[in-house]
Amino acid sequence: MLRQLLTTAALVGSSTALNNGVGKLPKMGYDMFNAFECNYTQTTVVAQAEAMVKHRLVKAGYNSIILDDCYALVNRSANGSIVADPAKWPYGMRNFTDTINAMERTRAIRGRGATNSKTS
Ligand SMILES: *[C@@H]1O[C@H](CO)[C@@H](O)[C@H](O)[C@H]1NC(C)=O
Ligand SMILES: *[C@@H]1O[C@H](CO)[C@@H](O)[C@H](O)[C@H]1NC(C)=O
Ligand SMILES: *[C@@H]1O[C@H](CO)[C@@H](O)[C@H](O)[C@H]1NC(C)=O
Ligand SMILES: *[C@@H]1O[C@H](CO)[C@@H](O)[C@H](O)[C@H]1NC(C)=O
């Protein structure tokens, strides 16, 4: 019975899957927090991205930089918006993401910001 259910599930799964290339690979790249914890700035991240390009990791599909945590101040602004830490991003987040996005197809991804699980 279990085998039959599994077979049915597999058939349903294959009939509804789209062959459009989406989701074929997990998100691949580099997670800043895993290596640096909260000790990173724009300079650190850009250096990491440059190394990924140089070592052909971006061409191999590792095209994401994940900040993960600690990019924002601990406290939100008066209106409740997340505030990027100006000490880490002296020219602002737009400048940072434009810099990263100009490097091959590396993409910058923000973490959850002011919901930081770890603060410093
Ligand atoms: C980050 O900095 C803190 C405070 O200086 C230090 O305790 C921690 O070991 C550092 N973490 C890494 C991964 O360098
Ligand atoms: C964040 O807000 C709390 C509550 O208002 C305050 O006690 C704390 O000092 C603030 N922290 C920083 C780093 O501004
Ligand atoms: C919240 O305040 C910031 C400045 O502190 C401003 O840039 C932003 O547009 C405001 N957001 C809303 C939704 O009013
Ligand atoms: C980021 O800001 C710096 C300093 O103002 C500037 O030299 C650089 O061109 C800016 N980069 C982008 C991509 O806007």
Extreme residue, nearest to ligand 1 (Cβ to nearest atom), among residues of region 97-120 that are at pLDDT 65 or above and part of a loop (DSSP other than H, G, I, E, B): Met103
Which listed residue, of Arg94, Arg56, Arg76, is at pLDDT 90 or above, touching a helix residue (DSSP H, G or I) at 6+ places or on another chain (Cβ under 6 Å) and exposed (fewer than 15 other Cβ atoms within 10 Å of the Cβ): Arg76
Hits in region 51-68 (condition: more than 16 Å from the chain's Cα centre (by Cα) and of a type outside the set (A, V, I, L, M, F, W, C)): Lys54, His55, Arg56, Lys59
Pick from region 59-73, criterion part of a loop (DSSP other than H, G, I, E, B) and surrounded by 18 or more Cβ atoms within 10 Å (Cβ to Cβ), ranking: nearest to ligand 3 (Cβ to nearest atom): Leu73
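Inspect all residues belonging to region 34-52 and state whether any of them is within 16 Å of ligand 3 (Cβ to nearest atom) and at pLDDT 90 or above.
Among the residues of region 34-52, not one is within 16 Å of ligand 3 (Cβ to nearest atom) and at pLDDT 90 or above, which makes the answer no.
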Boolean, Ala102 is within 16 Å of ligand 2 (Cβ to nearest atom) and surrounded by fewer than 17 Cβ atoms within 10 Å (Cβ to Cβ): no
Which listed residue, of Ala78, Ala87, is in a loop (DSSP other than H, G, I, E, B), more than 9 Å from ligand 4 (Cβ to nearest atom), free of Cβ contacts under 8 Å to residues at least 40 places away in the same chain and among the small types (Gly, Ala, Ser): Ala78
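The values are calculated or read from the model by the stated rules, or taken from the named source; none is laboratory data. Here the structure is a predicted model, which means the values were calculated and not measured. A quick note on method: Cβ atoms are made from the backbone with ideal geometry, for glycine too, and the neighbour counts reach across all protein chains shown.
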